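Structure first, commentary second.
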Amino acid sequence: MKSNKFLYLAILFLFLNCCLLYTEENSNYIVDKIKFQKQIILPEGITESKDIKTQIYEDKLYFIKITTININNKIFDELYLYRYNLYTDILDSFNISLKYKYINNFCINDKYLVINNDKYFTVFYIIEKQNDLIIENKCSFDMEMTFSRGTIKFIGNKLIAYGCDLSSSRLDQKTQTSLIMLDIEGEKIIKEYFFENPEGIPMMWFQPRIVITANKDYIVISDIINYKLRLYNYNFDLINTFLLDSNFQENIFDKDYKARLASVDIQRHQPTGEMEKIINLNGDISLIHRVEFINDSTLLILRSKPKGDFFKFTSYYDVLMVKDNNIVKLYKDLIWLDREKLIYPKKVNIWNMYNISDNYVVFLIDIPFLLDKEYDSKELKELSDEYYKNNEEIRASLFIYSFDF
């Protein structure tokens with residue numbers, strides 16, 4: 001029991017401190033590669049990333065507010081839809097209220113709204129009348145695979161959903177890394193495909209990771225303990241495998257990491273004992289955290305090097321181009337600023353808590369008022385403290401940046 005308690009406290013420690021786990025080691029800052037665009041004060045009740053999902057489509061930011069409600073002693077997620085025009089600064093809220101047992105994600109374009117709830121996808125027509133959005137049910141899909149932590153997006157007139165995780169609903173599937181393609185117009189499933197799991201998949205237990213991503217031409221899957229990417233087409237042919245750093249695990253603090261990972265059974269529905277075998281690898285080996293397409297040709301990679309201390313590591317970003325069946329590096333070893341150099345809203349650290357959509361990066365910060373100029377961290381804390389002396393409701397903001405690659 002004591003070891004279980006230690007394990008859960010360690011995982012909680014990672015989530016609470018993930019934004020601090022970087023160090024400044026050179027002058028290549030990723031904040032110089034993104035440009036501040038907008039700050040949006042969110043409606044009351046949205047203060048944490050779990051309360052909101054975001055997507056940008058054709059220069060409009062859509063976000064859904066998720067509220068947990070109790071109906072006859074049954075718990076549901078209630079969804080409200082908002083739209084913010086990035087050019088006109090107009091925020092519209094629509095009287096759409098949908099109730100689900102749980103909402104994983106959503107996807108929207110000018111014709112359809114799609115809600116994902118584990119292995120279920122519900123598709124709605126979107127009708128805009130007199131500055132209001134009306135939705136009408138079109139169809140639903142009940143899939144073999146689940147996407148509790150996956151991504152859904154439109155590719156042309158098709159919807160794709162993909163993900164890799166160790167949630168209990170995925171354990172009995174062929175693998176835990178998969179993609180589906182749906183024909184929304186024809187209301188049919190085009191393809192369900194299971195990929196080979198990335199090497200190092202047990203590290204998924206300790207932190208949400210994104211190791212599968214897709215654009216209109218390619219699917220990319222990354223290992224977690226190797227800097228190695230697999231490139232697929234939509235016939236699900238493996239085009240090539242790219243080893244981007246053969247020395248990825250140099251200067252690490254646990255040389256037996258492969259044997260420890262190989263000893264783990266990821267299909268245990270009560271995995272605490274398995275997790276204890278490898279939890280100390282966090283901070284002892286190099287890891288891949290996120291691999292995502294920024295746009296149709298550019299990948300953003302978040303990786304880390306160990307510092308030899310529990311859950312302590314140095315974070316780096318690389319920017320890669322994917323074109324003509326090839327992957328090449330554009331920028332490497334980009335880092336965030338240290339706290340003393342943060343200037344809101346121009347230069348901020350987001351580490352792992354961000355959402356990428358259509359060449360934008362969106363993230364939530366607990367700032368309850370519009371920033372009329374630049375502030376350092378100390379000034380901003382003083383202003384926030386003063387604000388809450390006179391205001392009881394807790395508010396937060398979405399900050400929107402565009403990539404400049």
Check your understanding: Within segment 151-166, can you find the residues that are in a loop (DSSP other than H, G, I, E, B) and out of contact with any Gly (no Cβ under 8 Å at 6 or more places or on another chain)?
Key -> Gly156, Asn157, Leu166
Practice item. Can you confirm whether segment 209-217 contains a residue that is assigned to a loop (DSSP other than H, G, I, E, B), among the β-branched types (Val, Ile, Thr) and modelled with pLDDT of 95 or more? Key: yes
Study note, to complete from the structure: Sole miss for Ser167 among (1) free of Cβ contacts under 8 Å to residues at least 24 places away in the same chain; (2) in contact with a Lys or Arg (Cβ under 6 Å, 6 or more places away or on another chain) is condition (2)
Study note, to complete from the structure: When segment 238-267 is checked residue by residue, the ones that are without any contact (Cβ under 8 Å) to a residue 24 or more places away in the chain, surrounded by 14 or more Cβ atoms within 10 Å (Cβ to Cβ) and more than 15 Å from Ser304 (Cβ to Cβ) are Arg260
Review point. Within segment 41-91, how many residues turn out to be more than 15 Å from Ile394 (Cβ to Cβ), of a type in the set (A, V, I, L, M, F, W, C) and over 20 Å from the mean Cα position of the chain (by Cα)?
Key: 7
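Here is a yes/no grid of residues against (1) buried (at least 19 other Cβ atoms within 10 Å of the Cβ); (2) part of a helix (DSSP H, G or I); (3) in contact with a strand residue (DSSP E or B) (Cβ under 7 Å, 6 or more places away or on another chain):
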| residue | (1), (2), (3) |
| --- | --- |
| Tyr331 | no, no, yes |
| Val361 | yes, no, yes |
| Leu371 | no, no, yes |
| Glu379 | no, yes, no |
| Lys389 | no, yes, no |
| Glu393 | no, no, no |
Exercise for review: Could you identify the single residue in Thr177, Thr151 that is closer than 24 Å to Ala262 by Cβ, surrounded by 18 or more Cβ atoms within 10 Å (Cβ to Cβ) and hydroxyl-bearing (Ser, Thr, Tyr)?
Suggested key: Thr177
Check your understanding: Can you name every residue in segment 242-269 that is under 15 Å from Ile201 (Cα atoms), of a type in the set (A, V, I, L, M, F, W, C) and not in a loop (DSSP other than H, G, I, E, B)?
Key -> Ala259, Leu261, Ala262
Exercise for review: Run Ile285 past the list (1) part of a loop (DSSP other than H, G, I, E, B); (2) at pLDDT 95 or above; (3) within 24 Å of Lys33 (Cα to Cα); (4) among the aliphatic types (A, V, I, L, M) and report the number of the one that doesn't hold.
Suggested key: (3)
Point to revise | Number of the condition not met by Asn390 [criteria: (1) modelled with pLDDT under 90; (2) over 22 Å from Arg209 (Cα atoms)] | key: (1)
Practice item. Need at least 3 residues that are of a type in the set (Lys, Arg) and at positive phi per element, so show me which strands (runs of 3 or more DSSP E) inside segment 26-87 make the cut, counting only ones lying wholly within it. Key: none
Practice item. Can you confirm whether segment 181-189 contains a residue that is under 15 Å from Lys153 (Cβ atoms), touching a residue at least 60 places away in the same chain (Cβ under 8 Å) and either of a type in the set (A, V, I, L, M) or in contact with a Leu (Cβ under 6 Å, 6 or more places away or on another chain) (or both)? Key: yes
Review point. Just one of Ser169, Ser93, Ser148, Ser140 is among the small types (Gly, Ala, Ser) and assigned to a helix (DSSP H, G or I); which is it?
Key: Ser169
Exercise for review: Would you mind stating whether Leu81 is modelled with pLDDT of 90 or more, crowded, with 18+ Cβ neighbours inside 10 Å, out of contact with any Lys or Arg (no Cβ under 6 Å at 6 or more places or on another chain) and under 26 Å from Lys216 (Cβ atoms)?
Suggested key: no
Review point. Out of the residues in segment 89-131 that are within 22 Å of Asn70 (Cβ to Cβ) and surrounded by 18 or more Cβ atoms within 10 Å (Cβ to Cβ), which is modelled with the highest pLDDT?
Key: Ile115
Practice item. Show the residue pairs that are 6+ apart or on different chains and have beta-carbon atoms under 7 Å apart, the first residue being within segment 336-358 and under 18 Å from Lys373 (Cα atoms) and part of a loop (DSSP other than H, G, I, E, B), the second being among the small types (Gly, Ala, Ser) and modelled with pLDDT of 80 or more. Key: Leu342/Ser377
Practice item. Look at Ile285 and say whether it is of a type in the set (A, V, I, L, M), over 28 Å from Glu192 (Cβ atoms), in contact with a Phe, Trp or Tyr (Cβ under 6 Å, 6 or more places away or on another chain) and in contact (Cβ under 8 Å) with a residue 40 or more places away in the chain. Key: yes
**Study point:** Filtered residue count, segment 155-169, keeping only those that are under 16 Å from Lys191 (Cα atoms), touching a strand residue (DSSP E or B) at 6+ places or on another chain (Cβ under 6 Å) and hydrophobic (A, V, I, L, M, F, W, C)
**Key:** 3
Check your understanding: Here are some residues: Gln207, Gln270. Which one is surrounded by fewer than 19 Cβ atoms within 10 Å (Cβ to Cβ), in contact with a Cys (Cβ under 9 Å, 6 or more places away or on another chain), over 30 Å from Gly156 (Cβ atoms) and not hydrophobic (A, V, I, L, M, F, W, C)?
Key -> Gln207
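Per-residue answers, yes or no, for (1) touching a residue at least 40 places away in the same chain (Cβ under 8 Å); (2) polar (S, T, N, Q):
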site: Gln37; (1), (2): yes, yes
site: Gly45; (1), (2): no, no
site: Gln55; (1), (2): yes, yes
site: Leu61; (1), (2): yes, no
site: Asp77; (1), (2): no, no
site: Ile103; (1), (2): yes, no
site: Tyr125; (1), (2): no, no
site: Glu128; (1), (2): no, no
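The values are calculated or read from the model by the stated rules, or taken from the named source; none is laboratory data. Just so you know, these numbers come straight off a predicted model, no measurement behind them. Neighbour counts run over all protein chains shown; Cβ positions are idealised from the backbone, glycine included.
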